[in-house]
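Worksheet: the structure to be examined is printed underneath.
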Amino acid sequence: MIAVKAENDRLQVTIPTAGMTPGEVNDFVSWLRVESVVRRSRLTAEAAWKLLSEDLKAGWWQANERRKTP
């Protein structure tokens, strides 16, 4: 049974882990952390694509700079 308690801007959820491996528990907690960050993010899809493309270009340049410059 899942128990939920909300107070003082906090949510406490108790989930039984019977039948889950420690790795599965860690994966689930990691997923919750990512979801929490994503939901609070103010980053637009357009801004995310721009950041991602700049990061990819920078990585490509670092990997290929010696081949492209004399």
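Brief remarks on what is shown
- Condition check for residue 20: outside any strand (DSSP E or B) and either open to solvent by 100 Å² or more (accessible area, probe 1.4 Å) or in contact with a Ser or Thr (Cβ under 7 Å, 6 or more places away or on another chain) (or both): no
- Residues of segment 14-70 classified as over 30 Å from residue 3 (Cβ atoms) and of a type in the set (D, E, K, R), total: 10
- Identity of the residue in segment 34-64, surrounded by fewer than 10 Cβ atoms within 10 Å (Cβ to Cβ) and of a type in the set (Lys, Arg), that ends up farthest from the chain's Cα centre (by Cα): 42
The values are calculated or read from the model by the stated rules, or taken from the named source; none is laboratory data. On a predicted model such as this, the values are computed, not experimentally measured, just so you know. Here Cβ is always computed from backbone atoms with ideal geometry, including for glycine, and neighbour counts include all displayed protein chains. Accessible surface areas use protein heavy atoms only, side chains included; no ligands, DNA or RNA. Shrake-Rupley method; radii C 1.70, N 1.55, O 1.52, S 1.80 Å.
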